[in-house]
Amino acid sequence: MSLIPLVTEIALRSGCGDKPRCEAVLAEAQSKRGSLVEALLDAELVNEEDFAKNLANGSGLEFFEKSELDFSTPLHNRFPAKLALRHRLLPGKIDGRDVSLMTFDPFDIEARQAVGRELPKDVTWVIGTRYQIMEGLRQGYGVGAENFDELIEGREAVLEDDDLAQEVTQLDEEDEEASVMNFVNQIFREALRERATDIHIEPLDKNLRIRYRIDGSLQEVTVPPDIRALQASLISRLKIMAQLDIAERRLPQDGRINLELDGEPIDVRVATIPSVNGESVSLRLLTSKSFDMGMLGLDEELQNTINELLEAPNGIILVTGPTGSGKSTTLYAFLRQLNTKATRIVTIEDPVENKLDGVIQIAVKPEIGLTFASGLRSILRGDPNIIMVGEMRDLETTDIAIRGALTGHLVFSTLHTNDSVAGITRLLDMGVEPFLIASSVRAFLAQRLVRKLCHQCRKKKEDVDIEYLKTIGYPEDWKDSIMEAVGCRACRDTGYRGRMAIIELCVVTPELSELITSNATYNELKDQAVNGGMKTLRNYGWGKVAAGETTLEEVLSNVDH
């Protein structure tokens, strides 16, 4: 007997307004022997919670509003991880011979048969939402738990016999045999699903901690119990993938891993650091993405000013800020806009973080004498129109870059300073002549990254303290437009989703040039920049707060003044 009429009726009661499409989706799922419920949820034809409630009523089962699990005791010790994760069943109350299992698909006969074979208990089935079940499984079992039991049983092959050749790992390739490789792949899959930029695997005194950096903030990942037993195998596997020396555990090492997920390449930078508890591994995930000016979220006025700067035939544009403030991303966006058939662009970077089609990119290799300075000299002899130098690290590199700007090249680079005007004093401290700065540098652009409010759950901030706004310098007239973070399913209850740039652009005007050549102080230079129209980092941030894009707290925590 076909379940399509029943599921269709439940879908129509749950907000589905397209009956023909609903029937088509269900028919296709049935022809492929797939889950009707999952096909309907994947097609986003129904409200998931309403559908789950109506499904419970239609199947005569109880609907769980919230899981009553206590995650202080890992589920791994109370219910088989492989059974729960393979069939996506979230165990609820476990009492003696009685257990309640939450499912989002009550028609999954295979799951019921598997439970009947492997679980000698009386089972009560209840209905929950798919999201609720998947989140409960991640929290209760931890990343990679499905493979964990077999790993502990010692079924993994000896790692020292693995082929050390560089490999491309297919993250979406199924492998029936449980292995350390599958466990590592699951860590990567979960990180990419959560939009993480970094993974940190850190041995502690009695455990192994895994953390993801998501939207700039570190979040600890739930892991299976006793994962410390796999520490050596896990780290050895990562080092083999990165072509590092697995026998060397006393010195830091650097490498890279090539991954692939759903056909998309992911470049992973690997850094190992020896510690008293063992080696710590940091993984930087660099996904292929299209760089464009729109991703910076610039104000219209600022966008127009930057476009004018990018149209200049020569000069230097310096992006400043601390590590992790998005300087490289901004420079790549500039290069992407300038990358045409009529321009020759050459970069020298340490390392090359993202590959740009049509751009000649050089990676610094000091061990063979390829430094920023030596590479830049060669670039200038290669007839470029536009040059990008990863960082102005020393006077020699800076002098060569200035020479390039003065001889008709447009040069981009970065500096580590707190704000844009500090870029001027940084160059002076390096020993650059004031007149060279005034004649070659067109602009200093400082930036920070702040988290963006989740647009699905943000709400207007009530009871705003006017005195507090005056203290931090926020315009009182904008008090009614302040939003605050709430937290929902879309943002994993953080209230934020994604990041955006807060920018301070200091254009070197004729008036500012005069002050630079006359050795003016930092305060004098900044006063002139502000009087000339520069919007400070904090003031630019206030504009984003007023637009409902971020919060006061985010701006204050990322911008000093």
For residue 247, work out the one condition from (1) buried (at least 19 other Cβ atoms within 10 Å of the Cβ); (2) out of contact with any Pro (no Cβ under 9 Å at 6 or more places or on another chain) it doesn't fulfil.
(1)
Please state which one of 130, 86, 112 is touching a Phe, Trp or Tyr at 6+ places or on another chain (Cβ under 9 Å) and open to solvent by 60 Å² or more (accessible area, probe 1.4 Å).
112
Subset of the stretch 466-513, residues farther than 25 Å from residue 304 by Cβ and in a helix (DSSP H, G or I), comes to 466, 467, 468, 469, 470, 471, 472, 476, 479, 480
So which of 433, 476 ends up being in contact with a helix residue (DSSP H, G or I) (Cβ under 7 Å, 6 or more places away or on another chain) and free of Cβ contacts under 8 Å to residues at least 12 places away in the same chain?
476
Only residues that are in a helix (DSSP H, G or I) and either in contact with a His (Cβ under 6 Å, 6 or more places away or on another chain) or among the basic types (Lys, Arg) (or both): list them for the stretch 1-32, please.
13, 19, 21
Could you list, in sequence order, the residues of the stretch 59-69 that are open to solvent by less than 90 Å² (accessible area, probe 1.4 Å), of a type outside the set (S, T, N, Q) and at pLDDT below 85?
64, 69
Any idea which residue in the stretch 261-298 is nearest to residue 250 (Cα to Cα), counting only those that are open to solvent by 20 Å² or more (accessible area, probe 1.4 Å) and in a helix (DSSP H, G or I)?
295
Quick one: count up the residues across the stretch 17-48 that are open to solvent by less than 30 Å² (accessible area, probe 1.4 Å), in contact (Cβ under 8 Å) with a residue 60 or more places away in the chain and not β-branched (Val, Ile, Thr).
3
Give me the pairs, please: first residue somewhere in the stretch 443-459 and in a strand (DSSP E or B), second residue anywhere and surrounded by 24 or more Cβ atoms within 10 Å (Cβ to Cβ) and among the basic types (Lys, Arg), beta-carbon distance under 8 Å, and either six or more positions apart or on two chains.
447/327
Checking the structure you have, find out if any residue of the stretch 329-337 is under 27 Å from the mean Cα position of the chain (by Cα) and over 25 Å from residue 297 (Cα atoms).
no
Near pairs, Cβ below 6 angstrom, 6+ apart or cross-chain, from the stretch 349-372 (closer than 19 Å to residue 266 by Cα and in contact (Cβ under 8 Å) with a residue 12 or more places away in the chain) to any residue that is assigned to a loop (DSSP other than H, G, I, E, B) and open to solvent by 50 Å² or more (accessible area, probe 1.4 Å)
363/351
Over the stretch 503-524, the set of residues crowded, with 18+ Cβ neighbours inside 10 Å and among the β-branched types (Val, Ile, Thr) is 503, 507, 508, 516
Which fully enclosed helices (runs of 4 or more DSSP H) of the stretch 80-183 have 1 or more residues being over 19 Å from residue 63 (Cα atoms) and modelled with pLDDT of 80 or more?
81-86, 109-118
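The values are calculated or read from the model by the stated rules, or taken from the named source; none is laboratory data. Quantities reported herein were computed from a predicted structural model and do not represent experimental measurements. Neighbour counts are summed over all protein chains in view; Cβ atoms, including those assigned to glycine, are modelled from backbone coordinates with ideal geometry. For accessibility, only protein heavy atoms count, side chains too; no ligands or nucleic acids. Shrake-Rupley method; radii C 1.70, N 1.55, O 1.52, S 1.80 Å.
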